[in-house]
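The values are calculated or read from the model by the stated rules, or taken from the named source; none is laboratory data. In this text the structure is predicted, and so the values were computed from the model without any measurement. Quick reminder, even Gly has a Cβ in these numbers, built from the backbone with ideal geometry, and neighbours come from all protein chains shown.
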2 protein chains.
Amino acid sequence: MQQQILVVGSLAYDDVETPFERRKAVLGGAASYFALAARLYAPVRLCGVVGDDFVQSDLERLASRGIDMAGVERRPGRSFRWLGRYNYELNTAETINTDLGVFADWQPEVPSSFRDSDTVFLANIHPRIQLRTLEQVRSPRVAAVDTMNYWIERERDALIQVISRVQIVTVNEAEARQLCKTHSTVRAGREILKLGPRAVVIKRGEYGAVLFTKDRVFWAPAYPLEEIRDPTGAGDSFAGGLMGELSRTDDIDDAALCRAVLNGTVCASYAVEDFSVEGIDRADPAAIDRRVRELERLVTA
Amino acid sequence: MQQQILVVGSLAYDDVETPFERRKAVLGGAASYFALAARLYAPVRLCGVVGDDFVQSDLERLASRGIDMAGVERRPGRSFRWLGRYNYELNTAETINTDLGVFADWQPEVPSSFRDSDTVFLANIHPRIQLRTLEQVRSPRVAAVDTMNYWIERERDALIQVISRVQIVTVNEAEARQLCKTHSTVRAGREILKLGPRAVVIKRGEYGAVLFTKDRVFWAPAYPLEEIRDPTGAGDSFAGGLMGELSRTDDIDDAALCRAVLNGTVCASYAVEDFSVEGIDRADPAAIDRRVRELERLVTA
């Protein structure tokens, strides 16, 4: 049976500045990046919200990639806008401004036609909303959650509750340290596992990612790019490749999780090669497979 | 024939502070760390200099590990002393004070009994001294050089000359970026290769190391430790494992270099588990092999 991937998260316009280039009001948002990566693996259904100002052709662009947009609501008000700036190392985003707009008090309603989805990604949003959304899906086979420092600080209990309800947690290294109050990535990975999930993926940008399960640690390299143009969306594209690969795997064992992490890594590498969703939008399954094989060679002694 | 490893570098006393612990006047220096790691693979000969204040039993301790100390001169004056402090991430050392003492105007004289060494490590020192030392070794099969930001800034031309004369360059990531004026580790690795060496190893601390040769890139994980006590000496212990493994390899091809990087990684992991040389001094060949196999599993999808 064809698997169906559901993503719940933001659709946004980003103003992005790197020390070398800048772009204004380009298509962004966690759900956009995730969906454009995951659709390379299986059909994707998107729940999101946009304001009056969201350009119809941007929604049509996602739909034209086979993404089911039946879960996107249009509401009076402004769309989510993010203004961020990267340092010279292109590894840390400084948020200059966030205007949540209609995203602020959005309560996602999963359309009934989406409720049989088996693979679910809860992109970064209030953990209570993540939980309520997850409860609307009938019997997800595998669900993953992403979050951010803001919720770790302010909604720790709700976040821990979501973590205990999903199979996979993806966090970046700083978030893992903050959540577990330790500098050690190894310790943090093991502590998050104790909260209940089957797997924890700690993302380390250009240093790759580390997967923790009960029985093993898997160290994935990043795809070695000579140039990164815009790191925005790397984490959500990573999640897209990860969940995409899992959606087509019958048995979610450690080997499948490792392969999924490599696929996530490759999707992230495409995302950062260009501004906005341009990089991930250009990727195709054959190109992804080629880079996954390159990653495997990269670590072979 | 039994290979012989020669190291030229500092013997020192370190005052080390981490946010959690501190130690005063403990045995350190690049040559100490290197030699204690490399002696796990083959006989090691050490060229260094100490002052009046260097405790005889520290020299005897190294000698008792089979390290040939015939190249160690004792001179009037103070021994090299370094006072460093680490941040909470335990990844960046702030040098509070360096007192070079007798190391300052030392011109190493390689004893004639050492001049047939086939594996040579030129630890961090003035690049012109590295060059003159290398010229005293008759026909080294493989030589490696390490350096630091100070020489990259002040003695760039001399450093580039040394780099062009050795087979292997080991630098940390910040040094690679500084030397090549690029943030990209991939680009830096390739640019250093163009200067002449057969292999470049860029060390990334807890993120592992990357090896560049003409034909391939090899991404080595760091050994995942839950706790690091003192990062001092990690790079020199790394070099000890790297050159040690190469000293017992007939054909220094890419596969041998990859294995050598994994051995270096493991030696570094022992070094950082304790203050001073205690960690690397406790390692033994069987323990090294076990961790090398763990590293191989760590990256196997």
Looking only at residues that are among the acidic types (D, E) and out of contact with any Lys or Arg (no Cβ under 9 Å at 6 or more places or on another chain) in the stretch B:280-301, which one is farthest from the other protein chains (Cβ to nearest Cβ)? B:D284
Pairs with Cβ under 9 Å, 6+ apart, first in the stretch B:60-73 and under 20 Å from B:V102 (Cβ atoms), second assigned to a strand (DSSP E or B) and of a type in the set (K, R): B:I67/B:R45; B:M69/B:R45; B:A70/B:R45; B:G71/B:R45
Looking for something away from every other protein chain (no Cβ under 14 Å), among the charged types (D, E, K, R) and closer than 27 Å to B:L83 by Cα - is there at least one such residue anywhere in the stretch B:191-204? no
Could you say whether any residue in the stretch A:141-151 is of a type in the set (D, E) and surrounded by fewer than 23 Cβ atoms within 10 Å (Cβ to Cβ)? no
Looking at the stretch B:189-213 only, could you name the residues that are over 20 Å from the mean Cα position of the chain (by Cα) and free of Cβ contacts under 8 Å to residues at least 24 places away in the same chain? B:R190, B:E191, B:K194
Can you confirm whether the stretch A:58-75 contains a residue that is polar (S, T, N, Q) and modelled with pLDDT of 95 or more? yes
Under 7 Å between Cβ atoms, at least 6 apart or on separate chains: pull out the pairs that start in the stretch B:214-233 with a residue that is more than 12 Å from chain A (Cβ to nearest Cβ) and without any contact (Cβ under 8 Å) to a residue 24 or more places away in the chain and end on any residue that is surrounded by fewer than 19 Cβ atoms within 10 Å (Cβ to Cβ) and of a type in the set (A, V, I, L, M). B:K214/B:L193
Every residue in the stretch A:244-267 that is at pLDDT below 95 and hydroxyl-bearing (S, T, Y), please. A:T249
Kindly check whether there is at least one residue in the stretch B:91-109 that is buried (at least 17 other Cβ atoms within 10 Å of the Cβ) and in contact with a Cys (Cβ under 6 Å, 6 or more places away or on another chain). yes
